[in-house]
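Reviewing the structure listed below.
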Amino acid sequence: MSTRRPPSPAIESHPDLGRAPAARKAGTPRKQRSTTGAAIDPVTLAVLNGRLEQIADEMDATLFRAAFNPIIAEAHDASHGLYDANNGETLVQGKSGLPIFVGAMSFAVRLVIDRFGSELADGDVFIFNDAYEGGTHFNDVKLVRPFFYRGELFCHLASVGHWHDVGGNVPGNYNPVATECFQEAFFLPPVRLYAGGIFRPDILAILTANSRLPKSVYGDLNGQVNALELGVRRLTELLDHYGVATVRQAFSELRARAVRLMRENIASLPDGHYSCTDYLDNDGSVDRALPIVLDIDKRGSGLRLDFSRSAAACAGPVNISRATTIAACYVALKHLFPDVPANAGVLDPIDIVIAPGSLLDARAPRPVGGYTETILRIIDVIFGALAAAAPDRVNGMAYGTINALSIAGHRANGSRWVMFSFFGGGHGGHPSGDGLNHGNAPISTATIPPLEILEAAYPIAFTQWSLRPDSGGKGQYRGGLGAIYEIELLESEAEAFFFGERARFAPQGVLGGGPGALNRFDYQSGGRWHSPPLGSKMVGIHLQRGERIRLQSPGGGGYGPPRKRSARAKAEDLRQGYVSADDQPSNEPARRRATTQTPGKSAPARYHGPVAGAASNERARAAAQAPTGVASRRRRTT
């Protein structure tokens, strides 16, 4: 953890937060680039689009540099954007923040509008972590700031970041055995952190009192507040230069272009019914698979995504809210159609059907802490379903879990430490080549925290950090490799908590590609290695000095039939150590496939029973006994 002390006057030093900077002169804009009703020229639109994106990017950079928490500072688990003044729709997102946040934050901004609409004032800043109406989970703390220009509400600026610890039963908050939200974190509804520019220290006192790491809370909050302040300055400068009418026109045109391009992309796909089923291992309480089922109907320039056949809400923390489900669909569609501008227009041609009260429509107090695992499966089934319709756009399924790991304890001096991190795996093969080795989850642009940062901050050592041979799914284009991580405790004792997925159901290939290897988690206790009874979730793992945890993450699914892989590519895989000589037979082909119906005819409902991929399972077991990584970093300790 960072050793920087939070400067005590930092938050209090913004009594005029939300006010126009003193040096800014009021008056007419220096130059009006267009008039109301006139078409905006393409050059001005391109310049404004770049300037607006730069505002969000600069807000991201401000928080990344200021945050105390390495999940924000190093992994970039945060995001900023500009949102519509009246309905909270996404206007602009940055390129560095997490896409899932941008989709979910429109619901968070709408929550503030619905609750405080007529009471919004210049200088207000709202803070909350409502995971139901605001999306994602309780670690993701949202700040929303109404932006006023010359006394008129113009838009909203928003900041969201993953705070290190927000109370609950488990340090770091990924509690795989939670059965209600109160076991996961504190629940903060939207409240004013600043009222008319005046800071409220009572809110800060509540936040710091409910975290195991109050200094981290203090530092991250300062970073978010200052990111919003910078956004206010930059947007004010932009409006001073171009005028309100021109910028609003740019917002309108960018949204219209997103709708138009989205409809054109969808229209290029063949009409028909497409389906895909995948599974979550279990809910952390009962070892029973939870199906995520998607039926897609494509007609003309519209798509209907129907999740009605997915599992009912469960006891454990893999439920997600409706807002989060819609945001995950947004991310998947942006992967498929990257040329479409990133704003609310992406979803205009999309009809999303979610059964009320289901796993994908969680209501309080259902636990939602493991939302990352479920949204990854949503992206997987969208890719799987559309494989037959858009073979030139889809990938094999990525590794499909963030493998959230918390290790916590006390140092010799009595101080508390909490390590929380997530880990990489293989991405799916794609139409242009092999999947990415050891990438981050496709829900985000976050980075995997560097081991040097983790080792410097916490009393642990990585004895292995390497690629995992034979973990990528076979195919014309191979799935990317997962990774092997082995972590040794250097302090006298600690407790570990693990929340993952894909220990029962391997990431599937597409268009004949094979599955990647299964996830594997093991830990030492009493001189022996053990595995969690539920495969991918466990709490209360007691570690003594010198004992280790080993994680072997899944590879990605393959793309296309393995028989089409070139001899040169196979030889290169062997040379690089990506595959071993005894792994030459093809992976067992994916048995859960997207189903396509002849255009114009309806498809029968299909329910694919749970299958885990025996070949991948055997490779996972073998690798767990004697891991030998590619480009391995090993360290022996005494």
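The values are calculated or read from the model by the stated rules, or taken from the named source; none is laboratory data. The structure displayed is predicted, hence computed values, not measured ones. Note that each Cβ is placed from the backbone with ideal geometry, even for glycine, and that neighbours are counted across all protein chains shown. Side chains are part of the model used for accessible areas, which takes the heavy atoms of the whole protein and leaves out ligands, DNA and RNA. Shrake-Rupley method; radii C 1.70, N 1.55, O 1.52, S 1.80 Å.
Things to note:
- Shape analysis of segment 331-421 based on the Cα gyration tensor places the equivalent ellipsoid semi-axes at 35, 18, 14 Å, largest first.
- Pairs over the 23 Å Cα-Cα cut-off, from the set K334/K564; K95/K474; K95/K142: K334/K564; K95/K474.
- For segment 32-111, applying the loop criterion from DSSP together with a ceiling of 12 other beta carbons within 10 Å to the trypsin sites (Lys or Arg not before Pro) yields K95.
- Spacing of the modelled spin labels on E237 and R150, each 7 Å from Cα toward Cβ, amounts to 2.0 nm.
- Solvent exposure of segment 242-281 as accessible area per residue, Å², 1.4 Å probe: 33
- For segment 136-188, the Kirkwood hydrodynamic radius comes to 12.8 Å, computed from all pairs of different C-alpha atoms.
- Per-residue SASA remark: I460, around 0 Å² accessible (1.4 Å probe; ligands, DNA and RNA not included).
- Here segment 390-481 is assigned +1 on the Cβ of each Lys and Arg and -1 on the Cβ of each Asp and Glu. Its dipole about the Cα centre then comes out at about 180 debye.
- Taking the 1.4 Å solvent-accessible surface of segment 292-401 as the whole, the part contributed by carbon and sulfur is 53%.
- Three-way shape label, segment 483-542, alpha-carbon gyration tensor, a/c 1.5: prolate
- Projected label distance in nm at D351 and S432, using a 7 Å step from Cα toward the beta-carbon: 3.4
- Maximal additional length on extending the N86-A461 stretch stands at 130.0 nm, based on 0.36 nm per residue less the C-alpha distance.
- Other residues whose C-beta falls under 10 angstrom from the C-beta of L386 contribute a net charge of +2, scoring Lys and Arg +1 and Asp and Glu -1.
- Segment 369-444 - Debye-derived log10 I(q)/I(0), Cα point model, q = 0.12, 0.16, 0.22 Å⁻¹: -0.45, -0.65, -0.98
- The Rg/Rh ratio for segment 363-410, using Cα coordinates for both the radius of gyration and the Kirkwood hydrodynamic radius, is 1.19.
- Potential extension, S492-A267 segment - 0.36 nm per residue separation minus Cα distance: 74.9 nm
- Estimated from the Cβ-Cβ distance and a Förster radius of 22 angstrom, the FRET efficiency linking E180 and N210 is about 0.85.
- Modelled spin labels at H410 and D287, positioned 7 Å past Cα toward Cβ, are 3.5 nm from each other.
- Evaluated at q = 0.14, 0.18 Å⁻¹, a Debye calculation over the C-alpha positions of segment 459-499 (equal weights, vacuum) places log10 I(q)/I(0) at -0.49, -0.66.
- The alpha carbons of segment 281-379 give a radius of gyration and a Dmax of 13.9, 43 Å, in that order.
- Reported to the nearest whole Å, the Cα centre-to-centre distance from segment 382-459 to segment 493-541 is 14.
- Average accessible surface area per residue within segment 98-175, 1.4 Å rolling probe, Å²: 21
- Cα-based shape type of segment 199-302, given that a ≥ b ≥ c are square roots of the gyration tensor eigenvalues and the cut on a/c is 1.5: oblate
- Ranked by how many other beta carbons lie within 10 Å on average, peptides 238-245, 561-568 from highest: 238-245, 561-568
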